[in-house]
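Shown next, in structure tokens, is the structure this report addresses.
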Amino acid sequence: MKTTPFTETHIALGAKMHEFAGFNMPIEYSGIIDEHMTVCNGVGVFDVSHMGEFWVKGPNALEYLQQITSNNVAILPVGKAQYTCFPNEEGGIVDDLIVYHYEDEKYLLVVNAGNIDKDWAWCTSHNTVGAELENSSDRMAQLAIQGPKATEVLQRLTPVNLSEIPYYAFAVGEFAGCPNVILSNTGYTGAGGFELYFYPEDASKIWDAIFEAGAPEGIKPIGLGARDTLRLEMGFCLYGNDLSDTTSPLEAGLGWITKFAEGKNFTARAILEKQKAEGITRKLTAFEMVDRGIPRHGYKLVNAEGEEIGEVTSGTMSPTRKIGIGLGYVAKAYTALDTEIYIDVRGRKLKAKVVKAPFRK
């Protein structure tokens, strides 16, 4: 298995480790519910150094990104970030990602850990305009410091005024005495906070500084288990569960990152424009359990007559709501709010109802 600069630290702290996207990653430390609530109410630290990072540079960088991503990169100013996806030729999703406009003619793409090799092959094979591409995934470390107390803790370690960085914006500056750290007001928890990108050689210094600074707030390391429950409570998609090569961004509720701007001829634009005009037949839908039970990935969704109408893509017991919650692709006729649907759990029909995400307000 691959490791991150923090793997030995996780093991020394007693984390429950498991393979994820080819990496030896911490799943939990003190327990998923405790870690989940720590992030909701205080501050927690996630090692996300397994994520992939690609640089796109040169005078053709923007033209290239306009062709390969669904969102309109032309409106993205330097210092801002944008959520987007790589559509494939059939209108599915190669991956979802964040684009950072780092400098003029220089962008950073942050992709999912499990898709690094696939995405790199996609990006290089679709570079028809001569953009300069660089895969820096092995030369960049990343921590996500999340929670309502995250900004207060991090501000003790940097001269950069973090309160002046709006959501989905970033600054580059000194942090914990280390230069050229990207301080990004982004995250995958819905609890606020920052994601930091830095050189692997600075990893231990930055980790130690963060935990020393956050000690008064009860800062804790957080595993991937709570990362998943936090993102699901917010209704955030997970590639491989809710997004895939066979789900379109419109079906996934990501029409807001699918821009048909003039001159933006991205992959499968015609297919997705047709889909938008004619309407979709299924939709990624949030639901919560009425009956006791936990929906799981792959469970069938059925109507009152037992006819299959979809499938659960993500599900869990909500740590904050104490009920089962989930996402799933559902036939369009069953996606209106408060519609009763059923989860087929080993032949038992458990009632649920369609709700609007996020589950955690």
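A few remarks follow.
- Residue check, ARG156 over 26 Å from ARG231 (Cα atoms) and without any contact (Cβ under 8 Å) to a residue 60 or more places away in the chain: yes
- The set of residues in segment 117-159 being touching an Asp or Glu at 6+ places or on another chain (Cβ under 8 Å), crowded, with 18+ Cβ neighbours inside 10 Å and part of a loop (DSSP other than H, G, I, E, B) consists of ALA131, MET140, LYS149, THR158.
- Residues of segment 27-52 that turn out to be among the charged types (D, E, K, R) and crowded, with 22+ Cβ neighbours inside 10 Å, as a count: 2
- Residue in segment 261-276 that is under 15 Å from LYS332 (Cβ atoms) and surrounded by fewer than 17 Cβ atoms within 10 Å (Cβ to Cβ) present: yes
- In this entry, PRO221 passes the filter for residues that are over 30 Å from TYR329 (Cβ atoms), buried (at least 19 other Cβ atoms within 10 Å of the Cβ) and not aliphatic (A, V, I, L, M).
- Residue check, LYS205 surrounded by fewer than 19 Cβ atoms within 10 Å (Cβ to Cβ), touching a residue at least 24 places away in the same chain (Cβ under 8 Å), of a type outside the set (A, V, I, L, M) and within 24 Å of VAL45 (Cβ to Cβ): yes
- Test result for PHE6, touching a residue at least 24 places away in the same chain (Cβ under 8 Å) and under 18 Å from the mean Cα position of the chain (by Cα): no
- The set of residues from segment 297-350 being under 26 Å from ARG227 (Cα atoms) and among the aromatic types (Phe, Trp, Tyr) comprises TYR299, TYR329.
- Strands (runs of 3 or more DSSP E) (entirely within segment 39-109) containing at least 1 residues that are of a type in the set (Asp, Glu): 44-47, 52-57, 93-103
Read-outs: derived from the displayed coordinates by stated rules, not from any lab. Since we're looking at a predicted model, the values are computed, not measured. With ideal geometry, Cβ positions are generated from the backbone for all residues, glycine too; neighbour counts draw on all protein chains shown.
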